[in-house]
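Participant: Quick one: the structure is below, questions incoming.
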Amino acid sequence: MAKDTQGILWEVFVQTKPGQPHRHCGSVHAHDREMALQNARDVYTRRNEGTNLWVVPANYIVASSPEDLGPFFEPANDKVYRHPTFYHIPEGVTHM
Amino acid sequence: MDKNAALFNYILRLADTNLILGHRLSEWCGHAPFLEEDIAMANIALDLIGQSNSLLQYAAKTEGKGRTEDDLAYLRNEREYFNSLLSEQPNGDFAFSIVRQFLSDAFDLHFYEVLKNSKDEMLAALAVKGHKEVIYHFRHTSAWMQRLGDGTDESHERIQKALNELWCFTGDLFEMTDSDKYLVKEGIAVDTNLIQDKWLRSIDEVLEKSKLSRPADSWQQKGSRQGIHTEHLGFLLAEMQHLHRTHPQATW
């Protein structure tokens, strides 16, 4: 098989407006930090999507695995009182 | 000196260099070393063609003979094109295209910086847009100069060779005609003598970081201001203009 010459994988997070959280939008290949940042800019912000960018080497992201689904997430299923649905939200409040 | 004719020639020169360089870069579309760089090169090509489109519209308006930007782009021959000799050089390998772009970006960086103060409002406005774009282009190509220059033996050798081969076309970038000098006096055009040192400094800074050496000053190929080109432009125009000349009134 041909040797992979495309560099490592980086995950890309784009912030659409100042103050908003950075959202994961995909990944790029790159050999160094500057290349990763530029590639992310070129691939993911060419239609006016962004005001800020994060790139992170994919191997630095620690992920839960599919087997964790039960023990990690199901215990939250019957804790309905954790949702803030019992409060009245005053009119005019956004971003809740 | 007919101010309008001088201005028309001046705008055309800027438009042509952007168009030809943009077209050259667009030839990489689908062929760049990897997907992300393919998109990066196409993005830069589109910036340049966009600049050219605005400039050609302005040129057509300045000329006032009813020609459109399409007429100017698709119905002029080699000797009526005034793009820089550097812009028309064929892509070669990736290193060659990067050096061509880098030398050109460094020029535009300082050129637009001055053109932003032009007394011609339209040129000043287009320079503001162009300057913003070229700051990124220069950052992109500078990073590649470093990566390839300070990379493997092979990448170093290839990019140094490209630099040596292209250096003889850089003097042409700074050529000024009598009509340009007239526009400089009018506060409209850029006096390229005043940006040459800055251009050289920007290049030297990057070359030093890239472990590359600047070719010695030697004979320079000039002539684009008189419409005299290297043999490559004719082939480029044949390809670029073919569709329009075959179907003259075709629209999307």
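Participant: Test B:ASP180 against the criterion of being outside any loop (DSSP other than H, G, I, E, B), within 19 Å of B:LYS222 (Cβ to Cβ) and touching a Ser or Thr at 6+ places or on another chain (Cβ under 7 Å), and give yes or no.
Facilitator: It is false that B:ASP180 is outside any loop (DSSP other than H, G, I, E, B), within 19 Å of B:LYS222 (Cβ to Cβ) and touching a Ser or Thr at 6+ places or on another chain (Cβ under 7 Å).
Residues checked against (1) closer than 24 Å to B:LEU7 by Cβ; (2) surrounded by 15 or more Cβ atoms within 10 Å (Cβ to Cβ); (3) under 15 Å from the mean Cα position of the chain (by Cα):
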residue	(1), (2), (3)
B:LEU48	yes, yes, yes
B:THR62	yes, yes, no
B:GLY66	yes, no, no
B:GLU69	yes, yes, no
B:GLU78	yes, yes, no
B:SER84	yes, yes, yes
B:PRO90	no, no, yes
B:ILE98	no, yes, yes
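Participant: Could you check the stretch B:127-161 and list, in sequence order, the residues that are away from chain A (no Cβ under 14 Å) and under 15 Å from the mean Cα position of the chain (by Cα)?
Facilitator: The answer is B:ALA127, B:GLY130, B:HIS131, B:VAL134.
Participant: It is to be established whether one or more residues within the stretch B:136-151 are among the basic types (Lys, Arg), at pLDDT 95 or above and crowded, with 17+ Cβ neighbours inside 10 Å.
Facilitator: At the first step, the residues of the stretch B:136-151 found to be among the basic types (Lys, Arg) are B:139, B:147.
Okay, now just the ones that are also at pLDDT 95 or above, so B:139, B:147.
Of the ones still in play, those that are also crowded, with 17+ Cβ neighbours inside 10 Å are B:147.
Checked against the condition, which is being among the basic types (Lys, Arg), at pLDDT 95 or above and crowded, with 17+ Cβ neighbours inside 10 Å, the stretch B:136-151 yields at least one hit.
Participant: Among the residues of the stretch A:40-61, what is the count of those that are within 30 Å of B:HIS137 (Cβ to Cβ), assigned to a loop (DSSP other than H, G, I, E, B) and β-branched (Val, Ile, Thr)?
Facilitator: Of the residues in that region, 2 qualify.
Participant: Within the stretch A:62-77, can you find the residues that are farther than 30 Å from A:TRP10 by Cα and either assigned to a helix (DSSP H, G or I) or modelled with pLDDT of 85 or more (or both)?
Facilitator: Initial filter on the stretch A:62-77 (farther than 30 Å from A:TRP10 by Cα): A:74-77.
Matches in the stretch A:62-77: A:GLU74, A:PRO75, A:ALA76.
Participant: Looking only at helices (runs of 4 or more DSSP H) that fall completely inside the stretch B:5-105, which ones have 1 or more residues that are hydroxyl-bearing (Ser, Thr, Tyr) and within 28 Å of B:GLU165 (Cβ to Cβ)?
Facilitator: Per the criteria, B:35-63, B:85-88.
Participant: When the residues of the stretch B:21-34 are narrowed to those that are within 22 Å of B:GLU133 (Cβ to Cβ) and within 14 Å of chain A (Cβ to nearest Cβ), which ends up surrounded by the most Cβ atoms within 10 Å (Cβ to Cβ)? Break it down stepwise before answering.
Facilitator: So the first thing to find is which residues in the stretch B:21-34 are within 22 Å of B:GLU133 (Cβ to Cβ), and the list is B:21-29, B:32.
Checking the rest, the ones that are also within 14 Å of chain A (Cβ to nearest Cβ) come to B:25, B:28-29, B:32.
Details: B:LEU25: 26, B:TRP28: 19, B:CYS29: 13, B:ALA32: 17.
The selected residue is B:LEU25.
Per-residue answers, yes or no, for (1) loosely packed, with under 12 Cβ neighbours inside 10 Å; (2) basic (Lys, Arg); (3) under 18 Å from the mean Cα position of the chain (by Cα):
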{"position": "A:THR5", "(1), (2), (3)": "yes, no, no"}
{"position": "A:HIS31", "(1), (2), (3)": "no, no, no"}
{"position": "A:ALA36", "(1), (2), (3)": "no, no, yes"}
{"position": "A:TYR44", "(1), (2), (3)": "no, no, yes"}
{"position": "A:LEU53", "(1), (2), (3)": "no, no, yes"}
{"position": "A:VAL56", "(1), (2), (3)": "no, no, yes"}
{"position": "A:PHE72", "(1), (2), (3)": "yes, no, no"}
{"position": "A:VAL93", "(1), (2), (3)": "yes, no, no"}
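Participant: Continuing with this model, one more query. So, of the residues in the stretch A:1-37 that are touching an Asp or Glu at 6+ places or on another chain (Cβ under 9 Å) and part of a loop (DSSP other than H, G, I, E, B), which turns out to be farthest from the other protein chains (Cβ to nearest Cβ)?
Facilitator: A:THR16
Participant: Can you find a residue that is within 14 Å of chain A (Cβ to nearest Cβ), assigned to a helix (DSSP H, G or I) and either surrounded by 15 or more Cβ atoms within 10 Å (Cβ to Cβ) or over 21 Å from the mean Cα position of the chain (by Cα) (or both) anywhere in the stretch B:209-216?
Facilitator: Yes, the conditions are met somewhere in the stretch B:209-216.
Table: residues versus (1) aliphatic (A, V, I, L, M); (2) farther than 22 Å from B:TYR112 by Cα.
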site: B:GLU157; (1), (2): no, yes
site: B:GLN160; (1), (2): no, yes
site: B:VAL190; (1), (2): yes, no
site: B:TRP199; (1), (2): no, no
site: B:GLU205; (1), (2): no, no
site: B:ALA216; (1), (2): yes, yes
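The values are calculated or read from the model by the stated rules, or taken from the named source; none is laboratory data. Bear in mind that the values here come from a model prediction, so they are computed numbers and not experimental data. Positions of Cβ are generated from backbone atoms using ideal geometry, with glycine treated the same way; all protein chains shown enter the neighbour counts.
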